1. Among Thr217, Thr228, rank each residue by its count of other Cβ atoms within 10 Å, from fewest to most, as a rough exposure measure.
2. Residues of segment 235-270 with the amide nitrogen closer than 15 Å to a label point 7 Å from the Cα of Thr34, along Cα-to-Cβ, please.
3. Mind giving me the FRET efficiency for His291 and Leu42? R0 is 41 Å, r the Cβ-Cβ distance, nearest 0.05 is fine.
4. Using Cβ counts within 10 Å as a stand-in for footprinting exposure, how do Val232, Val215, Val102, Val122 rank, fewest first?
5. Give me the percent of DSSP beta bridges within the chain that run antiparallel, rounded to the nearest 5.
6. Mind sorting Tyr203, Tyr58, Tyr50 by how few other Cβ atoms lie within 10 Å of their own Cβ, fewest first?
7. Tell me the mean residue ellipticity at 222 nm calculated for the chain from its helices only (DSSP H runs of n ≥ 4, each -39500 (n - 2.57), averaged over every residue, nearest 500).
8. Is the shape of segment 1-105 best called rounded, prolate or oblate, per the rule: a/c under 1.5 gives rounded, else a/b larger than b/c gives prolate, else oblate, with a ≥ b ≥ c the square roots of the Cα gyration tensor eigenvalues?
Amino acid sequence: MAERILRPESQAAQALGRVDDATGAIIPPIHPATTFERDPDLAYSRGRAYARADNPTYAAAADTLTALEGGCRTLLFSSGMAAATAIFLALSPGDHVVVPRVMYWGLRAWLTGFATRWGLTVDLVDMADPAALEAALRPGRTRLVWLESPANPTWDVADIAAVAALTHRAGARLAVDSTVATPVLTRPLELGADLVMHSATKYLNGHSDVIAGTVTTARADEFWERVTAVQVQNGAILGPFEAWLLQRGMRTLFPRVRWQCDTALILAHRLAGHPRVAAVLYPGLPDFPGHALAARQMRGGFGGMLSIRVAGGAPAAVAVAARVGLWTRATSLGGVESLIEHRASVEGPASPVPDDLLRLSVGLEAAEDLWADLEAALEAR
Ligand code: PLP
């Protein structure tokens, strides 16, 4: 019988349908072993030597994500930052990279601080402007272009296929931070990206109880070997228990993200009509600048993240966040519980983020409850 190719929803729900060979358990065991037995002739015929390089528990989560992203291989890291920085550290001092002006602030701070001191030349550009990207690319010197789409916390959507074409023409690689889109909504490798990275702390795990990062590659080439070497030598690995939790979280990725998209769209429309809201930033709104692109590039939803700019400036925004009850004031995103955050006070004065902006991470609560809480916080004096 011909093997049926399963849809990603089915691959995620069954975590590739693997049953433990030794016991028949339908849930994989957790292997805490740090070291593996060597043969009398000193070979490792069972394929594993030491858990800084490999552990069977990693494989279950890594292979599931490889399938969901349509990639070739995945590495699991101890955090999203460890995953992202491993890609840059696989370059060489003197290399040039182009990154978005608006992106996850922690990585931007690392790039303009550590990476620049280490010897990378870093240009920040508006990725929605192809002319700006083209002008920044230095053929023969630019080795990597970094994209984040939608970009945290303004949710600007970048045209991955167009950026991939420009990047490849300049002889560089494209890596995409797809944390917010998740493989449910966008598969960057199919659009021409070479690498896709996630803060798996967010939607992939989805329960705010694991810090993890991932990188998936389109091909196992020499650059992938270098990323792998950075991970193994620097030791930025995920623990087996966290890998197991991540695998469990990914099994419900599709229904969680779809629910979060539906609720975010409802809230975005209602917030857009509220007199105390100066602007709503959400790719699903028809007047959002990247809406047409998002409708083309994101399948089946516009994500569970949105931001509002509160009328009355920073003090009014901070006051709204102070008054919510169901929404929790906390950083991070992509969990089952809804979070609200005043970003400027987190990112500091170097941030391009407006100081009246509140970031909303939509969880799995009822849309009506989330709306009632937000509406009351906006309307109270
Ligand atoms: N990328 C994005 C888009 C993020 O939002 C974050 C964290 O907020 C990161 C990367 C970094 O991930 P981690 O906190 O897992 O290191």
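FYI, it's all coordinate maths here, none of it is from the lab. Just so it is clear, the model here is predicted, and its values are computed rather than measured. Every residue, glycine as well, gets a Cβ built from its backbone with ideal geometry; the counts of neighbours run over all protein chains shown.
1. On the way: Thr217 25, Thr228 18.
Ascending number of Cβ neighbours within 10 Å: Thr228, Thr217.
2. 235-241
3. Working: r = 60 Å, r/R0 = 1.47.
Working from the Cβ atoms, E equals 0.10.
4. Val232, Val122, Val102, Val215
5. Working: 26 of 44 bridges.
In the chain, approximately 60 percent of DSSP beta bridges are antiparallel ones.
6. On the way: Tyr203 29, Tyr58 24, Tyr50 13.
Result, fewest neighbours first: Tyr50, Tyr58, Tyr203.
7. Details: 14 runs with 137 residues, N = 381.
One gets -10500 deg cm²/dmol as the mean residue ellipticity at 222 nm.
8. Working: a/c = 2.34, a/b = 1.28, b/c = 1.82.
Here segment 1-105 falls in the oblate category.
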